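Accompanying notes for the structure given below.
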Amino acid sequence: MDNPKPVETPKEQTDTGDLPVVPAAKQASLAENLAWRALANWSSQLISWAALLVAARLLSPADFGLVGMSVLLYWYLRYLGDFGIMATVIRHRDLSPETLAQLNTMGVVFGTGTFVLACLLAWPAALFFKTPRMASVAVVTCIALIPLGFRSVPEGLMNREMRFKSLSLFDALGVIVSAVVTVLLAWLGFHYWALVLGNLLSEISRCTAVLRMRRYRFAWPHMAAIREPLTFGRRVLLASFAWSTYNTLDNVTAGRVLGESALGLYGMAWNLANMPLEKIVSLVTTLVPAYFSRVQTDMAALRHYLRVLTEAIALATFPATIGLALVARDAVPLVMGPKWNGMIAPLEVLSVYAAFRSIVALLSKVSTAVGNARFVMRVEVSGLVLMPIAFYIGSHWGITGIAFGWVFGYPIIALAHYRKTLKTIEMGVGDYVRAVRPALDGSAAMALAVTVLRWTALSRHSPWLRLIAEISSGAAVYIIAVMLLHRERAMHFLSIVKRIRPPKLAEAGA
């Protein structure tokens, strides 16, 4: 279904000014689930960030570059391993138990089959990158495709049943396992294998936890019963595969054209720039499909979702991403060492791009929920044509030019999503811009304050003092600007946070 019939809710339902879930009884559910996910994600992320910095000290850019080449193959194939089955289970709420059992079998088939395909492609990929040792690293990395297939249906059911507390803890478990194993093996001298085995054991531990919590039976597949769900899944697969492909083609270009050291620098810049996005936006994007599927024909509720969640994401991500771009030149040599100075320029560019990308992430989720999966697929496949051209042209200016490929190419893809999504849910452009305005104003004030501070009072002080002053003053100015210029909206979100019941430590530990 490409254009579902709009079903409007009463006006008073959309003007409550709260986190938008319909019916109203579900408002606390979304807020509390976000709180649970934030608690699990951010607490574990402190360990992950620390582990990344330690690993950067123990390992070389070439180690990160080699693993980056190997992970590319995994990211190309991971969506084929799931085949959109998890998204299908979440959206199609009327699937029979027998159909779910057949899809569960197909998930295992796709996961295992994709690993076999990875083994066949590992050596050609190593030849492509002119790095023979990459083949064995790629095979070990892609073992993670097998548990991915096993957890497609069980995790889809847990999402549909909104068991987000358990899923949040499973995410935290995977992050902690990866961090501990990576640092331990790096310290023991395993070099790039520390990164490979850390990621692999993270996926295995997460899959084990999901299956212990929500097992599901298997059944012999019959195409007549699963053809329609697999058709939807195939469209989600193609869209996700296209998105994953052009999201890795910048790394492919860096590795193929500029070499593994350049890829190590660019890959680290990409990870740091997108870290705030992944750790903040993922809190929302992994939860909202289940909520969107419940109100997929209610345009007023979807408008409310998009408006309030976009405002919240922008307020959280803009200061982190734009702030990182502002302090990168002082932070990188101090925190990571002078050997990483080559990543400063692409880090600045990618951080600004990440701020824009953070608010675009919700659009495809809305379109898929209302039945426009075919449109999302076509837009993302179009990106396969546009983005490689942008990256290749940019590579003539090194890894900074590749980063600028995102700045010039991605807005064209985003514009298509904006036009379709806003038209489908009947949302005005002005209404959407007003949702982003508080974060834009605060970020502009923050940038001005940090720039003035850098070139005046602290220009002759020690680098550490200058960095601390830039971060603290930028954060303070951002908060003050938002409170002064958009006090009503800021107080509104603060009131939402105060009403969220914080998870009990005993319950979180359990």
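The values are calculated or read from the model by the stated rules, or taken from the named source; none is laboratory data. Everything quoted here is computed from the prediction, not taken from an experiment. Note that we place each Cβ from the backbone using ideal geometry, even for glycine, and neighbour counts take in every protein chain shown.
Just checking, which of 63, 94 is closer than 28 Å to residue 180 by Cβ and either surrounded by fewer than 21 Cβ atoms within 10 Å (Cβ to Cβ) or modelled with pLDDT of 80 or more (or both)?
Step by step, each of 63, 94 is checked, and only 63 is closer than 28 Å to residue 180 by Cβ and either surrounded by fewer than 21 Cβ atoms within 10 Å (Cβ to Cβ) or modelled with pLDDT of 80 or more (or both).
Yes or no, residue by residue, for (1) touching a His at 6+ places or on another chain (Cβ under 9 Å); (2) of a type in the set (A, V, I, L, M, F, W, C); (3) surrounded by 18 or more Cβ atoms within 10 Å (Cβ to Cβ); (4) part of a helix (DSSP H, G or I):
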{"position": "359", "(1), (2), (3), (4)": "no, yes, yes, yes"}
{"position": "379", "(1), (2), (3), (4)": "yes, yes, yes, yes"}
{"position": "388", "(1), (2), (3), (4)": "no, no, yes, yes"}
{"position": "395", "(1), (2), (3), (4)": "no, no, yes, yes"}
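If only one of 353, 291 is closer than 24 Å to residue 162 by Cα, among the aromatic types (Phe, Trp, Tyr) and either touching a residue at least 12 places away in the same chain (Cβ under 8 Å) or assigned to a helix (DSSP H, G or I) (or both), which one is it?
After ruling out the rest, the residue left standing is 291.
In the stretch 304-313, is there at least one residue being surrounded by 21 or more Cβ atoms within 10 Å (Cβ to Cβ) and under 19 Å from residue 410 (Cβ atoms)?
yes
Run down 276, 346 and say which single residue is at pLDDT below 85, buried (at least 20 other Cβ atoms within 10 Å of the Cβ) and under 24 Å from residue 57 (Cβ atoms).
Result of the check over 276, 346: 276.
Restricting to the stretch 420-433, count the residues that are free of Cβ contacts under 8 Å to residues at least 24 places away in the same chain and either over 27 Å from the mean Cα position of the chain (by Cα) or surrounded by 12 or more Cβ atoms within 10 Å (Cβ to Cβ) (or both).
Of the residues in the stretch 420-433, 1 are free of Cβ contacts under 8 Å to residues at least 24 places away in the same chain and either over 27 Å from the mean Cα position of the chain (by Cα) or surrounded by 12 or more Cβ atoms within 10 Å (Cβ to Cβ) (or both).
Can you find a residue that is part of a helix (DSSP H, G or I), at pLDDT below 80 and either on the phi > 0 side of the Ramachandran plot or not β-branched (Val, Ile, Thr) (or both) anywhere in the stretch 262-271?
no
Given (1) assigned to a helix (DSSP H, G or I); (2) at pLDDT below 85; (3) more than 26 Å from residue 114 (Cα to Cα); (4) not hydroxyl-bearing (Ser, Thr, Tyr), where does residue 171 come up short, assuming only one miss?
(3)
Residues in the stretch 181-196 that are closer than 25 Å to residue 154 by Cβ and touching a residue at least 24 places away in the same chain (Cβ under 8 Å): how many?
Residues meeting the conditions: 0.
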